[in-house]
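A.B. asks: The structure under discussion is supplied below as structure tokens; questions concerning it will follow.
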Amino acid sequence: MSSDAHWAPLPPFSTGIRGRCPRCGQGHLFKGFLTLRPNCEVCGLDYSFADPADGPAFFVICFACVPSVALAVWIEVAFQPPFWVHLLTSLPFMLLTCIPPLRPLKGWLVASQYFYKAEQGKIDRQPPG
Ligand SMILES: [Zn+2]
């Protein structure tokens, strides 16, 4: 069950955002909120290839954190509200836009690594002669 030849390629976006195995689309990718399982419980794919590093955090910072902080600054500058208004507006908005996207983004990046066979760069040295 370790050969990729038995498995039709699955689109990384649909398997990744659902947190499913990038090879079979059935098994689970995560064992916690963001912790990857060691392998797929259905097809046995070893997830040791997966290393999205800071990728999910980068996308969340760019597309959720910065707009959230901009909203909080705009509320502060435009209305100069008491502190508790930020607790009811800025903080929940920031948490809701920054935390939930992490898991589907990580799943999508891991599935894309598998799909495009992305791995650490190596120098391919030919023997002389
Ligand atoms: Zn699988």
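The values are calculated or read from the model by the stated rules, or taken from the named source; none is laboratory data. In this text, all values refer to a predicted model and were calculated from it rather than measured experimentally. Quick reminder, even Gly has a Cβ in these numbers, built from the backbone with ideal geometry, and neighbours come from all protein chains shown. Each accessible area value is taken on the protein alone, full model and side chains, heavy atoms only, with ligands, DNA and RNA left out. Shrake-Rupley method; radii C 1.70, N 1.55, O 1.52, S 1.80 Å.
A.B. asks: What pairs can you find where one residue is in segment 99-119 and farther than 16 Å from Leu34 by Cα, the other is of a type in the set (A, V, I, L, M, F, W, C) and open to solvent by 40 Å² or more (accessible area, probe 1.4 Å), and their Cβ atoms are less than 7 Å apart, with a gap of 6+ or different chains?
C.D. replies: Gln113/Phe49; Tyr114/Phe49; Glu119/Phe49
A.B. asks: Where in segment 20-129 are the helices (runs of 4 or more DSSP H), entirely inside, with at least 1 residues that are under 21 Å from Trp7 (Cβ atoms)?
C.D. replies: 102-115
A.B. asks: Next question, about the same structure. Can you tell me which residue within segment 1-54, out of those that are open to solvent by 90 Å² or more (accessible area, probe 1.4 Å) and touching a residue at least 24 places away in the same chain (Cβ under 8 Å), is farthest from the ligand (Cβ to nearest atom)?
C.D. replies: Within segment 1-54, the match that is farthest from the ligand (Cβ to nearest atom) is Phe33.
A.B. asks: Residues that are on the phi > 0 side of the Ramachandran plot, of a type outside the set (Lys, Arg) and open to solvent by 30 Å² or more (accessible area, probe 1.4 Å): does segment 108-115 have at least one?
C.D. replies: no
A.B. asks: Also, quick follow-up: Does Gly16 fit the bill of being over 11 Å from Ala111 (Cα atoms) and not polar (S, T, N, Q)?
C.D. replies: no
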